[in-house]
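Peer 1: Can you keep this structure in mind? I'll have questions shortly.
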Amino acid sequence: WHKELSADVGYIQSQAFPNQYPDYVNYTWTVVGKPGTVVSLRFSKFYVDASSKCYQDSVEIYDDSKNSSRLIGQYCGDNIPGLLRTRTERMRIHFKTDNGNHDNEAIGFNATYNSH
């Protein structure tokens, strides 16, 4: 599943938020700003099942230019990541989950993005 977002401001959230997210999710959002802008992302809620090195369930954020992709960070657990910002006008957010040995509190996330 992939969705491209081009609004200057918007939000994304995991499926079923604020309820527990489903098993075997593989979602990608790509925020595309106007040329010369950068994209910022701020999570307001975040709880993705924690595992060693976020191997099982995770949210990965990439600075995703047309020619290359740079991992900004990979996140899981219940610590809300700080403000994330690209160096280019494209940000890719990838959310993946495994077979469902989730903590019952694992509600996923919601976040606001803006291109500026």
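Peer 1: Once you put a point 7 Å from the Cα of Gln15 and another 7 Å from the Cα of Glu105, both along the Cβ direction, what distance in nm separates them?
Peer 2: 2.5
Peer 1: Taking the Cα centre of the chain as origin, sum charge times position over the Cβ atoms of Lys and Arg (+1) and Asp and Glu (-1), and report the length of that vector in debye to the nearest 20.
Peer 2: Taking the Cα centre of the chain as origin, the dipole is about 580 debye.
Peer 1: Could you list the GluC sites (Glu not before Pro) in segment 14-116 that lie in coil according to DSSP, counting only those with at most 16 other Cβ atoms within 10 Å of their Cβ?
Peer 2: Working: sites: Glu60, Glu89, Glu105; in loops: Glu89, Glu105.
Of the GluC sites (Glu not before Pro), the ones in loops of segment 14-116 whose Cβ has at most 16 other Cβ atoms within 10 Å are Glu105.
Peer 1: If we count chymotrypsin sites (Phe, Trp or Tyr not before Pro) as exposed when they sit in a DSSP loop and have at most 16 other beta carbons within 10 Å, what is the longest stretch of the chain that avoids them all?
Peer 2: Value returned for the longest uninterrupted segment is 56-116.
Peer 1: Then there's this: Using r as the Cβ-Cβ distance of His116 and Tyr24, and R0 as 35 Å, what FRET efficiency do you calculate, to the nearest 0.05?
Peer 2: Efficiency, from the Cβ-Cβ distance: 0.50.
Peer 1: For the chain, what does the equivalent ellipsoid look like in terms of its semi-axes, each the square root of 5 times an eigenvalue of the Cα gyration tensor, given largest first in whole Å? Let's see the in-between values first.
Peer 2: Numbers: eigenvalues 118, 37, 30 Å².
Semi-axes, largest first: 24, 14, 12 Å.
Peer 1: While we're here: Going by how many other beta carbons lie within 10 Å of each one, how would you line up Cys76, Cys54, fewest first? Walk me through the numbers on the way to the answer.
Peer 2: Values: Cys76 21, Cys54 18.
With the fewest neighbours first, Cys76, Cys54 line up as Cys54, Cys76.
Peer 1: Which loop trypsin sites (Lys or Arg not before Pro) in segment 67-116, with loop taken from DSSP, have no more than 13 other Cβ atoms within 10 angstrom of their Cβ?
Peer 2: In loop regions of segment 67-116 (DSSP not H, G, I, E or B), the sparsely surrounded trypsin sites (Lys or Arg not before Pro) are Arg87.
Peer 1: If you don't mind, another one. On a straight-distance basis, which lysines could pair with Lys53 in a cross-link, Cα separation under 28 angstrom, same-chain partners fewer than 8 positions away excluded?
Peer 2: Lys3, Lys45, Lys66, Lys96
Peer 1: Now for a different question. Give me the distance in nm between label points sitting 7 Å out from Cα along the Cα-to-Cβ direction at Asn79 and Thr37, one decimal.
Peer 2: 3.1
All of the numbers you see were taken from the coordinates with simple rules; none came from a lab. Owing to the predicted nature of the structure, the values given are computational and were not obtained by experimental measurement. Cβ coordinates were reconstructed from backbone atoms using ideal geometry, including for glycine residues, and neighbour counts include every protein chain displayed.
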